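For reference, the structure discussed in these notes is given below.
Since every read-out is calculated from the coordinates, none of them should be taken as a lab result. Everything numeric in this text was worked out from a predicted model, so none of it was measured. Cβ: placed from backbone, ideal geometry, glycine included. Neighbour counts: every protein chain shown.
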Amino acid sequence: MLEISQFKKVYSTGFQLHIEDLKLDTGIHLIKGENGSGKSTLLKAIAGIHDFEGDIIWNGISIKSSPVTFRKKVNYSDAEPHFPNFLSLDELIRFSLKTKGGLKTQVESLKREFRIGDFSKNPISSYSSGMLKKAGLILAFLGDPSLIILDEPFTTIDLEAQEHLRSLILNARKRGISFLITGHLANVESLLEYDSILEISDGKITET
Ligand SMILES: Nc1ncnc2c1ncn2[C@@H]1O[C@H](COP(=O)(O)OP(=O)(O)OP(=O)(O)O)[C@@H](O)[C@H]1O
């Protein structure tokens, strides 16, 4: 279960996001909201990228008191991934395997599913935006996460990759992995069956 309590994030621009108390069971959860409503802000806080007031607990592990254990269990893919340009995807994967664990067979199967092939040897600077997105998605599935956070996962990638991603999510869900997903596409609600749909607006989150 994901538990968010007394959450507060304030930017210097004046934007604020407050979540008094939110509990989400194991499952696939969609977070909707207009541009600039705070979806990425919340996901980045849960992924341990942004600091915030309050606490976020995943299956009893607090990001504040046990950040390393928390991050081993929670993986994240950015809406627009950024990686050091001089590294290759293979190097990023090796780093992820060292820090988060994971099997070479898992890597090969993910690279096959997303049709990355040998391109993973090339530096990130040579990647198209779709390839970059696929790189971020592959890294988000590596290791042994029990929660995978995917910010706008279905944008930028082609229809075939969208279908592979859909199957990956459904298969992982069967193995007990939970997902927090944001989406902009009009059809994102029909792409998957969600256990809950939440909406962020006016700096607050509500279940729809
Ligand atoms: N690092 C930052 N510093 C200051 N303000 C920020 C920062 N990141 C985001 N914001 C502001 O916080 C608000 C929420 O942004 P956020 O990226 O979380 O929205 P979003 O719902 O993910 O938007 P989109 O759908 O456009 O991706 C916006 O007003 C944005 O300008």
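Hey, can you grab everything whose amide H is under 5 Å from the amide H of residue 143? Only 5+ residues off in sequence or another chain; H modelled, so Pro and N-termini drop out.
Hits under the 5 Å cutoff: 103.
Can you give the net charge of the other residues whose Cβ lies under 10 Å from the Cβ of residue 50, counting K and R as +1 and D and E as -1?
Net charge around residue 50: +1.
Given the -39500 (n - 2.57) contribution per DSSP H run of 4+ residues, what per-residue ellipticity at 222 nm results for the chain, rounded to the nearest 500 deg cm²/dmol?
Dividing the helical sum by the residues of the chain leaves -10000 deg cm²/dmol.
Taking only Cα atoms, what is the 0 to 90° angle, nearest 10, from helix 159-174's long axis to the longest principal axis of the chain?
Roughly 60 degrees between the two axes.
When we measure straight from the Cα of residue 100, which lysines land under 23 angstrom away, once same-chain ones fewer than 8 places off are left out?
44, 64, 72, 73, 111, 121, 133, 134, 174
Angle check, please: helix 89-100 long axis (alpha carbons) against the longest principal axis of the chain (alpha carbons), in degrees 0 to 90, nearest 10.
Result, in degrees: 50.
For the chain, which span is the longest to avoid every loop-located (per DSSP) member of GluC sites (Glu not before Pro) having at most 14 other Cβ atoms inside 10 Å?
Answer - 35-192.
Can you give the longest stretch of the chain with no exposed loop site, where a site means trypsin sites (Lys or Arg not before Pro) in a DSSP loop (not H, G, I, E or B) with at most 15 other C-beta atoms within 10 Å?
Between the exposed loop sites, the longest stretch runs 1-63.
Taking the Cβ of residue 30 as the centre, find all other residues whose Cβ is under 11 Å away and add up their charges (Lys, Arg: +1; Asp, Glu: -1).
Charge balance in the 11 Å sphere: -3.
Using alpha carbons only, how many angstrom separate the centre of the stretch 93-124 from the centre of the stretch 33-67?
26
What residue among 102, 129, 142 has its Cα farthest toward the positive end of the dipole of the chain, where the charges are +1 on Lys, Arg and -1 on Asp, Glu, each on the Cβ?
102
Quote the charge dipole size of the chain about the Cα centre in Debye, to the nearest 20; the model charges only the Cβ of Lys and Arg (+1) and of Asp and Glu (-1).
The calculated dipole for the chain is roughly 820 debye.
Could you compute the net charge surrounding residue 160? Neighbours are other residues with a C-beta less than 14 Å from the C-beta of residue 160; K and R count +1, D and E count -1.
+2
When N counts the residues of the chain, how does its alpha-carbon radius of gyration compare numerically with 2.2 N^0.38 Å, as a ratio?
Against the compact-globule rule of thumb, the ratio is 0.99.
What do you get for the angle between helix 104-113 and the principal long axis of the chain? Use alpha-carbon atoms, 0 to 90 degrees, nearest ten.
Long axis of 104-113 versus the principal axis of the chain: about 90 degrees.
Given the chain, what percent of its DSSP beta bridges are antiparallel, to the nearest 5?
55
Where the only charges are on Cβ atoms (+1 Lys, Arg; -1 Asp, Glu), what is the dipole of the stretch 1-90 about its Cα centre, to the nearest 20 debye?
So the magnitude is around 120 debye.
What is the gain in length, in nm to one decimal, between residue 163 and residue 34 on full extension, counting 0.36 nm per residue of separation less the C-alpha to C-alpha distance?
Result for the pair: 44.0 nm of gain on full extension.
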